[in-house]
Amino acid sequence: MALLNSDCPDLKLIARGKVRDLYDVDEKSLLFVATDRISAFDVIMKNTIPGKGKILTEISLFWFDLLKDVLPNHLITANFDEMPEHIQKYRQQLEGRSILVKKMKVLPIEAIVRGYITGSGLSEYKKKGTICDIPLPEGLVDSQKLPEVLFTPSTKAEIGDHDENIHPSKMIDILGDKALADKVAQSAIELYTKASEYAAKKGIIIADTKFEFGLDENNQLVLVDEVLTPDSSRFWPANKYQAGRTQDSFDKQFLRNYLESIQFDKKTSIELPEDVIQNTLEKYKEAFFLLTGKHVSL
């Protein structure tokens, strides 16, 4: 069953993001629900990718477990039987696509890590020779591996607005704490490095990704939100990789390419054709299988 919007009247809805619905459970915990909504160019499409939310949830759970020795995360449980009773009444709607998490003070930045030059980074590089105002060597081409992994944070925008890439030094001003800013940058690079080395053994290049962090009650840094999914990362098949061109992809690039081909205005929500929905879903399923060796049950 596809889920466009969760509907849980007995739970307090805090927010609906591009993909996730967020509910307040009690004073210490929240419920993250991954719907089947899909967005591109910061626009949520009218129809869903059925089962996508379950795949995203399983991928995040996989990475939370693999990366827990690098940085703790906010997960309490994804086992529906262990969730509070007032959540369990919505089992048919929520099971397999929900995680119960600890409340954190979420930091107001997106922690973006890039191992390859593509997307908005490539656009800036072509204009100024930089990414997030960080100077890079001349002559880099589309999708080329960067000389070193770059931490390139951005501001968090409201839905419908665009995040703004910033130089890492500006993050210190936003967070008001240099030691915390340094810890965010270091942790983001360590997480990306461990994940990308693992994925490489499975035939996937993680070109870039976005992390979110929070602080727990002891002001310790914690990994929050989704982790290394096709929604928050660029996954490329290693066996088809070739620098100098746009890469085949396991993520939303298939959808973005379709929207570019129809001159999408990047503002108006539209209905996606069935073949785009199915092809996008297959990309998500394939990425999950390559990373974990498992098939997700939708």
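The values are calculated or read from the model by the stated rules, or taken from the named source; none is laboratory data. From a predicted model like this one, the values you see are computed outputs, not experimental measurements. Every residue, glycine among them, receives a Cβ derived from its backbone with ideal geometry; neighbour counts consider all protein chains shown. Please note that ligands, DNA and RNA were not included when accessible areas were found on the heavy atoms of the full protein model with its side chains. Shrake-Rupley method; radii C 1.70, N 1.55, O 1.52, S 1.80 Å.
With unit charges on the beta carbon (Lys/Arg positive, Asp/Glu negative), name the residue among Ile205, Ile112, Ser269 whose Cα is farthest towards the positive pole of the charge dipole of the chain. It is Ile205, whose Cα lies furthest towards the positive end. For the stretch 144-261, the alpha-carbon radius of gyration amounts to 1.17 times the rule-of-thumb value 2.2 N^0.38 Å expected for a compact globular protein. Close Lys pairs in the stretch 85-166, defined as Cα atoms under 29 Å apart and 8 or more places apart or on different chains, number 13. Under the convention that each Lys and Arg Cβ holds +1 and each Asp and Glu Cβ holds -1, the size of the dipole of the chain around its Cα centre is about 540 debye.
Normalised Debye scattering of the stretch 103-157 at q = 0.12, 0.13, 0.16, 0.30 Å⁻¹ gives log10 I(q)/I(0) of -0.30, -0.35, -0.49, -1.32, counting only Cα atoms as equal scatterers and leaving out solvent. In terms of packing, defined here as the mean over residues of other Cβ atoms within 10 angstrom, the peptides 98-109, 140-151 line up highest first as 98-109, 140-151.
Figure legend: label point modelled 7 angstrom from the Cα of Ala200 along Cα→Cβ; residues of the stretch 106-140 with amide N under 13 Å from it are 115-116. Counting only DSSP H runs of at least 4 residues, each contributing -39500 (n - 2.57), and dividing by the residue count of the chain, the helix-based mean residue ellipticity at 222 nm comes to -9500 deg cm²/dmol.
If the chain between Glu27 and Ile14 were fully stretched, how many nm would it gain, using 0.36 nm times the residue separation less the Cα-Cα distance? The Glu27-Ile14 span can extend by a further 3.4 nm. Need one number: nm distance between label points at Glu82 and Lys46, each 7 Å from Cα along Cα→Cβ, rounded to one decimal. Modelled inter-label distance: 4.2 nm.
Here the stretch 1-160 is assigned +1 on the Cβ of each Lys and Arg and -1 on the Cβ of each Asp and Glu. Its dipole about the Cα centre then comes out at about 320 debye. Rounded to 0.05, the FRET efficiency of the Leu61 and Asp248 pair, given R0 = 25 Å and the Cβ-Cβ distance, is 0.45. Each residue of the stretch 65-202 gets 170 Å³ once the volume of the Cα convex hull is shared out per residue. Computed from the Kirkwood radius of its Cα pairs, the Stokes-Einstein diffusion coefficient for the stretch 1-103 at 10 °C and 1.306 mPa s stands at 113 µm²/s.
Rg over Rh for the chain works out to 0.94, using Cα positions for both radii and the Kirkwood form for Rh.
Considering only Ser297, Phe80, Ala179, the residue lying farthest towards the positive end of the dipole of the chain is Ser297, judged by Cα position with unit charges set on Cβ.
The solvent-accessible area of Asp133, taken with every protein chain present and a 1.4 Å probe, is close to 80 Å². For Asp133 and Gln220, a Förster radius of 51 Å and the Cβ-Cβ distance give a FRET efficiency of 0.95, rounded to the nearest 0.05.
The stretch between Asn5 and Glu286, if pulled fully straight at 0.36 nm per residue, gains 98.7 nm over its current Cα-Cα span.
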